[in-house]
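The block underneath contains the structure these notes are about, expressed in structure tokens.
Since every read-out is calculated from the coordinates, none of them should be taken as a lab result. Keep in mind it's a predicted model, so treat the numbers as computed, not measured. As a convention, Cβ positions derive from the backbone with ideal geometry for all residues, glycine included, and neighbour counts pool all protein chains shown.
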Amino acid sequence: MHIERTTRGAAGFMILATLALSLAHSRWWLLLTAFVGVNLLQSAFTDTCPLMAILRRSKKAQQ
């Protein structure tokens with residue numbers, strides 16, 4: 001799987017999971033949703049993402 005697809009999948013999962021947690025437990029989980037959204041917006045402008053850097057490092061370590 002490509003790193004970009006993995007990153008988008010992880011972001012989508014985090015948004016859906018934190019939305020469910022905010023409905024089931026506490027509205028404070030929406031802060032994590034906002035963090036993921038800000039990170040996605042930042043990566044659109046700078047073309048960098050912390051998760052992509054981690055995935056690239058782990059891919060190099062596996063080779």
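Within the range 31-54, how many residues turn out to be within 20 Å of residue 14 (Cα to Cα), out of contact with any Ser or Thr (no Cβ under 6 Å at 6 or more places or on another chain) and in a helix (DSSP H, G or I)?
The total comes to 15.
If you check 33, 18, 7, which single one turns out to be of a type outside the set (A, V, I, L, M) and in contact (Cβ under 8 Å) with a residue 24 or more places away in the chain? Step through it out loud before you land on a result.
On the way: 33 fails: in contact (Cβ under 8 Å) with a residue 24 or more places away in the chain; 18 fails: in contact (Cβ under 8 Å) with a residue 24 or more places away in the chain.
Residue meeting the stated conditions: 7.
Answer yes or no as to whether residue 58 is in contact with a helix residue (DSSP H, G or I) (Cβ under 7 Å, 6 or more places away or on another chain) and without any contact (Cβ under 8 Å) to a residue 24 or more places away in the chain.
Details: in contact with a helix residue (DSSP H, G or I) (Cβ under 7 Å, 6 or more places away or on another chain): no; without any contact (Cβ under 8 Å) to a residue 24 or more places away in the chain: yes.
No.
Mind listing whichever residues of the range 9-41 are surrounded by 14 or more Cβ atoms within 10 Å (Cβ to Cβ), over 17 Å from residue 51 (Cβ atoms) and hydroxyl-bearing (Ser, Thr, Tyr)?
Answer for the range 9-41, where residues must be surrounded by 14 or more Cβ atoms within 10 Å (Cβ to Cβ), over 17 Å from residue 51 (Cβ atoms) and hydroxyl-bearing (Ser, Thr, Tyr): just 22.
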